[in-house]
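In what follows, a structure is listed as structure tokens, so that the remarks can point back to it.
Readers should treat all values here as calculations from the given coordinates under stated rules, not as data from a laboratory. If you're wondering where the values come from, they're calculated on a predicted model, not measured in any experiment. In this analysis, Cβ positions are derived from the backbone assuming ideal geometry, glycine residues included, and neighbour counts consider all displayed protein chains.
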Amino acid sequence: MKALAVTQLTTTAGAFRLGPLDLQVEAGEYVVLMGATGSGKSLLVKLLCGLIRPQSGSIQLFGQEVTALAPRRRGIGYVPQTSALFPHLSVARNITFAARPRAPRPAPARAAAAEIIDTLKVRPLLERRPTTLSGGERQKVALARALCARPQLLLLDEPVSALDEPTRREVCAALKDIHRRFAITTVHVCHSLDETRSVATQVGIMEAGRVLCVGTLPELQAAPPPSLAARRLLGLA
């Protein structure tokens, strides 16, 4: 079943043009979109979230047209590079924030998030404020907050690029564990081959505002696109 179907999506940002872009993601896949800086990865994530409206094209989630829907109505969990936690709230209240429409009181909201909290090993952090956390801890809390809303699709915009190497490996391991436990369809953008190798079930290559190809990493390395930049991303040049 198609979790995400993007058809002929276009927009512009200054002199940069994204699209026409097509992308299909099967339910339960963990797709990493690789691309150099300026290839349009983060712009695509904002279009999928609804933070930017496309000039043309279509976005469907599980067969539902969402192109014109407000971000809160799309059923998407979003983790930006900067984590974007609320500094005045505790970690517990940050995590349960998205669940409050379903469980208005803090205790039921926290109970609903218990499995996610334990999987990500953030229970010791619950009473702390985001400003006291390390970079890796903040990203885990941001991931827990996104998952607490029970999204249909999880979008990760370079979630570990600002972290040191040991913390990057730790967070990637947590992402892989979350995907294994919850089978949530995930789109993760980055430019790191090691990061891609550690989490992806499918890989897409972005260049100049388009998705050139999608496949498993071995498939793409065996039959890469002709672009030199794409071959470099795949560790072939």
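Taken as entire DSSP H runs, the helices of the chain that both span 18 Å or more between Cα atoms along their own long axis and average -0.5 or more on the Kyte-Doolittle scale are 135-148. Structural descriptor for the chain: relative contact order 28 percent, calculated from alpha carbon pairs under 8 angstrom and at least 6 residues apart. Rounded to the nearest 20, the Cβ-based charge dipole of the chain about its Cα centre (Lys and Arg +1, Asp and Glu -1) stands at 880 debye.
Net charge near residue 132, counting Lys/Arg +1 and Asp/Glu -1 over other residues with Cβ under 15 Å of its Cβ?
That works out to +3.
What residue among 47, 179, 75 has its Cα farthest toward the positive end of the dipole of the chain, where the charges are +1 on Lys, Arg and -1 on Asp, Glu, each on the Cβ? So the residue furthest toward the plus end is 75.
Going from the residue with the fewest nearby Cβ atoms within 10 Å to the one with the most, 160, 122 rank 122, 160.
What does the charge count near residue 86 come to, summing +1 for each Lys or Arg and -1 for each Asp or Glu among other residues with Cβ under 10 Å from its Cβ? Show your work: numbers first, answer last.
Values: positive: 93, 129, 145; negative: none.
For residues surrounding residue 86, the net value is +3.
Using the Cβ of residue 53 as centre and a radius below 13 Å, the other residues enclosed give a net charge of +2, where K and R count +1 and D and E count -1.
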